[in-house]
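Colleague: Shown below is the structure under consideration.
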Amino acid sequence: MAGSVKNIVVGGGTGNIGRYLVSSLVKSGHNVSVISRRAVVLNKIMKTTRSSSSHFLPQSAISWKDIDREGLPLDTDVVINLSGRSIGNPGPWTNSLKKSIESSRIDTTKRLAKAIEKSEIPPKVFISASAVGAYACDPDKIYTESDVPVIKGRETFFTDLCKKWEESSAVKEECNTRVVNPRFGVVLAYDTPPLTTLMPQTALTGATEVGTGDQPFPWVHMDDAVSAVNFMIENESVSGPVNVVGPQIVDNSQFTKALADACMSCVLKNMPLPAFVVRLLYGTERADNILLDSPKVQPQTLLDMGFQFQHQTIDTALKHVVSVLMESKDSGFDYSALKWALERNKKRKNAQ
């Protein structure tokens, strides 16, 4: 199957990572269908804009009800699920929000696993997203895929969520479908969280560390996240959990400094965002398990298998993100203001 044109079905294909991945897959010549609750609307949009759009659009959109009722399209080679409600919005993890976060990931994954098992000819590979939140936060530990993610008694909502998420992707052995669980770190692109918030703030006023600034910040550039998924499709020896993070381990302070440098701005050293404020904004549980602490994670499987990262360091990754923004044709008010601030900072820097 490696190197051939494939029929690929993508859940979450219009999300933050999904739209970049779909564009890459279509550009490579694959036949891509996205699963969406708005399939009818998306098909109309794609039909009217395909010839004039500069983006690489999928061939079709299908609904989740279609998947439940009719199963996967015939001759599906690859199934990818990136579906999941955002966990980055301010506010505490209420019980209703937790249920929504879980169901948006686990239920969709189960539906696709069931569709694979019902297929007359099951797809060769099922790539079902997970996150580095599978690992416990341990300042003395660097996690690789061979490590036990969390020891009994140290579970959190996030570690439990990732465990259930990955377990829900299991399919019957007789399907002969390879299952891969990419554990994504924070994926960096100018038009996806958290940079949609952090870049304007940094460019306009300066960057601020979060809490003490020494908590790990597991990151990966969007280019490498997309390339890693393509790598999983093409390499039949890849299966199970795969850490999708950059090869350089950094903390929040290093990330903040790199972002300030990329935006030609500064770090507001005397104005960090205090931990208590983070807890007020996001709730103690979410703040303590995501924003004020994170695991140190190494992409061991990708490195061992010869995957080539395009962006090896946080500095080069963020500088590339800024350069892509400046070359983009995005011209909404938010992007125009951000580009203005970056141009202003560049002129100030050159004048020094």
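Bear in mind these aren't lab numbers, they're just calculated from the coordinates by the rules spelled out. These figures come from a predicted structure and were not determined experimentally. In this analysis, Cβ positions are derived from the backbone assuming ideal geometry, glycine residues included, and neighbour counts consider all displayed protein chains.
Colleague: Given Phe56, Gly213, Leu82, which one lies farthest toward the positive end of the charge dipole of segment 7-351, if we put +1 on the Cβ of every Lys and Arg and -1 on the Cβ of every Asp and Glu?
Modeller: In segment 7-351, that residue is Phe56.
Colleague: While we're looking at this one, here's another question. Using modelled amide H (1.01 Å from N, peptide plane; none on Pro or chain starts), what sits under 5 Å from the amide H of Val297, excluding residues fewer than 5 places away?
Modeller: Tyr143
Colleague: With +1 assigned to the C-beta of every Lys and Arg and -1 to the C-beta of every Asp and Glu, and no other charges, what is the dipole magnitude of the chain about the Cα centre in debye, to the nearest 20?
Modeller: 1180
Colleague: Putting +1 on Lys and Arg Cβ atoms and -1 on Asp and Glu Cβ atoms, find which of Ile8, Leu303, Leu268 reaches farthest to the positive end of the dipole of segment 7-351.
Modeller: Leu268
Colleague: Neighbouring Cβ atoms within 10 Å as the yardstick, rank Lys296, Lys339, Lys114 fewest first.
Modeller: The fewest-first ordering by Cβ neighbours comes to Lys114, Lys339, Lys296.
Colleague: Relative contact order for segment 7-351: what percent, with Cα pairs under 8 Å and sequence separation of 6 or more?
Modeller: Contact order relative to length: 18 percent.
Colleague: Give the percent of DSSP beta bridges with both residues in the chain that are antiparallel, rounded to the nearest 5.
Modeller: Antiparallel bridges: around 5 percent, rounded to the nearest 5.
Colleague: Follow-up. By how many nm would the segment from Asp304 to Ser28 lengthen if fully extended, with 0.36 nm per residue of separation less the alpha-carbon distance?
Modeller: Taking 0.36 nm per residue and subtracting the Cα distance, the gain is 96.9 nm.
Colleague: Next question, about the same structure. Please list 3J(HN,Hα) in residue order for segment 243-251, calculated via the Karplus relation 6.51 cos²θ - 1.76 cosθ + 1.60 where θ = phi - 60°; whole Hz, with x for glycine and proline.
Modeller: 6, 10, 9, x, x, 8, 8, 10, 9
Colleague: Computed from the coordinates I sent, Rg/Rh (Cα atoms, Kirkwood Rh) equals one of (1) 1.01; (2) 0.94; (3) 0.96. Tell me the label.
Modeller: After the calculation, the listed value that fits is (3).
Colleague: Ile35's amide H: which non-local residues (gap 5+, or another chain) put their own amide H closer than 5 Å, with H modeled 1.01 Å from N in plane and none for Pro or chain starts?
Modeller: Here Val10, Gly11, Gly12, Gly13, Ile62 satisfy the definition.
Colleague: Sum -39500 (n - 2.57) across every DSSP H segment of at least 4 residues in the chain, then divide by the residue count to get the 222 nm mean residue ellipticity, nearest 500.
Modeller: Roughly -13000 deg cm²/dmol at 222 nm, from the helical runs in the chain.
Colleague: When Trp219, Trp340 are ordered from fewest to most other Cβ atoms inside 10 Å of their Cβ, what list results?
Modeller: Exposure proxy ranking, most exposed first: Trp340, Trp219.
Colleague: Please order Cys162, Cys137 by the number of other Cβ within 10 Å, starting at the fewest.
Modeller: Cys137, Cys162
Colleague: A follow-up question, please. Excluding same-chain residues fewer than 8 positions from Lys99, which lysines have a Cα within less than 25 Å of its Cα?
Modeller: Lys65, Lys110, Lys114, Lys152, Lys163, Lys164
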